[in-house]
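Inspection log for the structure reproduced underneath, given as structure tokens.
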Amino acid sequence: MMLRLGIDIDGTVTDPRTFVPYLNKSFNNSLTYEDLNQYDLTKVLNITEEEFWVWMDKFEPIIYKEAPLALHAKNVLNEWKHQHELLFISARRKHLLDITHNWFNDQDISYHHIELVGSHDKLEAVKNNKISIFFEDKHDNACMISEEHQIPVILFNTPYNQDPIPKGVIRVNDWLEAKNWVNQWYNVKVL
């Protein structure tokens with residue numbers, strides 16, 4: 001049985017610390033990763049939505065092009081490419097598709113499909129792609145996907161996603177923990 005793995009990109013496959021140096025330089029701050037205790041960066045930076053999106057328009061392509069990988073992501077994903085379908089579903093805006101494809105190729109990470117939905121609402125993409133398990137770093141996305149589609153969601157532990165989680169959401173610290181959980185769940189499903 002091949003699983004269809006739905007995988008968020010930013011903060012999941014890419015290191016969740018990626019934005020910190022760009023935020024510090026652009027906004028003259030000295031934030032640490034632990035200071036990112038909210039997903040909404042406008043609240044962390046005390047700026048307006050408009051200011052945030054002006055900044056994102058300028059830096060988003062650079063950040064996504066240069067983003068480092070999350071710990072163990074490449075090894076686990078490249079191991080899974082032979083066992084499961086890897087479907088990357090991201091809130092990135094659609095005009096960033098070429099940059100996204102190039103980043104995956106530069107990092108030598110295999111994929112079967114990349115979909116940029118342009119918003120944090122991934123429910124329809126999860127349904128349309130018949131996802132078996134989803135991997136996410138955004139708390140409310142993880143909860144909604146798990147509850148709406150009755151599938152397990154692996155939530156990568158970050159300072160900005162510490163609210164309580166429902167039964168179908170599994171919190172992990174890195175890709176090795178995610179791999180162990182998936183392998184155990186998969187073995188039970190196959191038996």
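The values are calculated or read from the model by the stated rules, or taken from the named source; none is laboratory data. It should be emphasised that the depicted structure is a prediction, and the values quoted were computed from it without experimental measurement. So basically every Cβ, Gly included, is an ideal-geometry build from the backbone, and we count neighbours across all protein chains shown. Quick note on the areas: whole protein, heavy atoms, side chains included, nothing else; ligands and nucleic acids left out. Shrake-Rupley method; radii C 1.70, N 1.55, O 1.52, S 1.80 Å.
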Computed for the chain: size of charge dipole around the Cα centre, +1 on C-beta of each Lys and Arg, -1 on C-beta of each Asp and Glu, debye to nearest 20, value 560 debye
Under a 1.4 Å probe, counting only protein heavy atoms, VAL117 has an accessible area in Å², nearest 10, of 30 Å²
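How would LEU176, LEU87 rank on accessible area, largest to smallest, probe 1.4 Å?
Heavy-atom accessible area, descending, gives LEU176, LEU87.
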Taking a probe of 1.4 Å and leaving out DNA, RNA and ligands, segment 82-191 shows per residue an accessible area in Å² of 51 Å²
From most to least accessible, 1.4 Å probe, no ligand or DNA/RNA atoms counted, ILE131, ILE62 line up as ILE62, ILE131
Computed ³J(HN,Hα) along segment 13-18: with the Karplus parameters 6.51/-1.76/1.60, θ = phi - 60°, integer Hz and x for glycine or proline, the list is 7, 8, 4, x, 7, 3
CD proxy, 222 nm, the chain: helix-only mean residue ellipticity via -39,500 (n - 2.57) per DSSP H run with n ≥ 4, per residue, nearest 500, stands at -13000 deg cm²/dmol
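Multiply the residue gap between ASP98 and GLN150 by 0.36 nm, knock off their C-alpha separation, and tell me the result in nm, one decimal place.
Working it through step by step, the gained length comes to 15.5 nm.
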Short to long, in 5 Å steps from zero, the percent of alpha-carbon pairs of segment 41-104 per bin is 3, 13, 19, 21, 18, 13, 7, 5, 2
For segment 130-186 the translational diffusion coefficient, Stokes-Einstein from a Kirkwood Rh over Cα pairs at 10 °C and viscosity 1.306 mPa s, in µm²/s, is roughly 142 µm²/s
With the 8 Å Cα cutoff and a minimum separation of six or more residues, the chain has a relative contact order in percent of 27 percent
In Å, the C-alpha Rg and Dmax of segment 94-151 are 12.6, 35
The rounded separation in angstrom of the Cα centers of segment 25-75 and segment 120-176 is 21 Å
Carbon and sulfur atoms account, in whole percent of the 1.4 Å probe accessible area of the chain, for 49 percent
Comparing LYS81, LYS138, LYS58 in a Gaussian network model of the chain (Cα, 10 Å), the one with the largest mean-square fluctuation is LYS58
Semi-axes of segment 1-80 from the Cα gyration tensor (sqrt of 5 times each eigenvalue, largest first, whole Å) come to 28, 13, 12
Measure of exposure for HIS72: accessible area at 1.4 Å probe, Å² rounded to 10, is 60 Å²
